[in-house]
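Working notes for the structure below.
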Amino acid sequence: MKILVTGYKGFIGSHVYKALSDHGHSVDGYDYDESHGCIPYIADYDNVIHLGAISSTTEKDINKIFKHNYDFSIKLYRECDAYKVNFQYASSASVYGDLTTFKEDGNVSPMNPYAWTKYLFDKFVTDIEPSSRISCQGFRYFNVYGTNEEHKGAQASVFTKFKNQAIKDGRIQLFEDSENYKRDFVCVDDIVEVHKQMIWQHVSGIYNVGTGTAVSFQKVADLCSSRLGVPIEYIPMPDNLKGQYQKYTKANNSKLNSIVDIKWTSPKQWIDANLDAVEDIRKSALT
């Protein structure tokens with residue numbers, strides 16, 4: 001199968017690009033150029049997997065976010081429909097905001113410009129679906145974590161932040177009251193598996209992509225602290241996150257699980273397999 005992956009240099013995109021290539025597909029990558037926003041030529045592809053986006057939930061340039069995440073996505077979808085190229089794209093569980101139920105056809109409550117762009121594009125493809133000539137699959141990723149996300153900086157998952165803090169400072173920092181903040185943490189390897197399996201399914205729709213289990217930040221910190229051998233330091237939540245910080249996410253993944261066969265990875269399983277004690281990491285770096 002010939003596949004184009006947008007955002008292929010990013011965290012999730014790089015994993016998807018490599019996995020599909022290793023699986024024997026012919027895969028090309030594309031990165032959005034903000035200076036002209038040209039649409040890639042996609043007529044020769046079987047599938048486009050659209051993962052490129054401005055993913056920062058604290059980005060304040062609304063025009064920039066909408067141009068990249070919404071306008072460009074619509075143009076790319078229309079090209080795919082014109083050439084009958086099947087389309088997968090990254091949506092986000094941020095569309096649910098501060099809700100406590102998470103169903104694809106249920107209510108949404110976007111809390112920032114990024115979430116709004118994801119919801120509005122979901123709405124666009126849902127509204128146009130009856131006239132579409134392709135399969136279009138939107139994936140509402142919950143809180144994705146995994147290897148090779150160091151370049152994300154402040155947008156990296158707590159798994160990566162905790163590891164880097166432990167190595168650099170000998171401790172990890174956790175927001176106060178983190179036992180009350182719970183997330184559905186989903187491993188990037190499971191995200192990859194969803195894409196791999198779903199490209200063979202000629203179905204359209206929006207799908208929650210999460211484990212179906214909510215785990216507190218405190219629990220993740222405890223696991224990382226124990227594994228890395230460092231203490232936890234509690235800090236106040238920054239002002240720029242107050243008011244838009246989701247307290248709870250838990251995917252209703254029954255729709256996706258009815259199609260794919262995935263053994264969802266738990267945070268503990270990933271931490272045990274991927275994190276070593278800080279002293280071991282430092283010794284390894286010296287040899």
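The values are calculated or read from the model by the stated rules, or taken from the named source; none is laboratory data. Note that the structure is a prediction, hence the values are computed from the model and not measured. Methodologically, a virtual Cβ is constructed for each residue, glycine included, from the backbone with ideal geometry; neighbour enumeration extends over all protein chains shown. With ligands, DNA and RNA removed, areas are computed over all heavy atoms of the protein, side chains included. Shrake-Rupley method; radii C 1.70, N 1.55, O 1.52, S 1.80 Å.
Figures for the structure shown
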read-out	value
Residue match in the stretch 97-118 (condition: outside any helix (DSSP H, G or I), in contact with a strand residue (DSSP E or B) (Cβ under 7 Å, 6 or more places away or on another chain), hydroxyl-bearing (Ser, Thr, Tyr) and surrounded by fewer than 21 Cβ atoms within 10 Å (Cβ to Cβ))	yes
Number of positions in the stretch 180-238 that are within 30 Å of PHE87 (Cβ to Cβ) and polar (S, T, N, Q)	6
Test: TYR89 is of a type in the set (Ser, Thr, Tyr), within 25 Å of SER132 (Cβ to Cβ) and open to solvent by 30 Å² or more (accessible area, probe 1.4 Å)	no
Sole residue being of a type in the set (Asp, Glu), open to solvent by 20 Å² or more (accessible area, probe 1.4 Å) and in a loop (DSSP other than H, G, I, E, B), chosen from ASP222, ASP276, ASP272	ASP276
Yes/no for ASP184 being touching a strand residue (DSSP E or B) at 6+ places or on another chain (Cβ under 8 Å) and free of Cβ contacts under 8 Å to residues at least 24 places away in the same chain	no
Residue match in the stretch 160-173 (condition: open to solvent by less than 10 Å² (accessible area, probe 1.4 Å), within 17 Å of the chain's Cα centre (by Cα) and not polar (S, T, N, Q))	no
Pairs where the first residue, in the stretch 59-86, is open to solvent by 60 Å² or more (accessible area, probe 1.4 Å) and the second is charged (D, E, K, R), C-beta under 8 Å, 6+ apart	LYS64/GLU34; LYS67/GLU34; LYS84/ARG133
Some residue of the stretch 277-285 being within 22 Å of the chain's Cα centre (by Cα) and basic (Lys, Arg)	no
So ILE235, is it among the hydrophobic types (A, V, I, L, M, F, W, C), over 23 Å from SER91 (Cβ atoms) and either open to solvent by less than 80 Å² (accessible area, probe 1.4 Å) or at pLDDT 95 or above (or both)	yes
Test: residue in the stretch 130-144 that is open to solvent by 30 Å² or more (accessible area, probe 1.4 Å), touching a residue at least 60 places away in the same chain (Cβ under 8 Å), among the charged types (D, E, K, R) and touching a strand residue (DSSP E or B) at 6+ places or on another chain (Cβ under 8 Å)	no
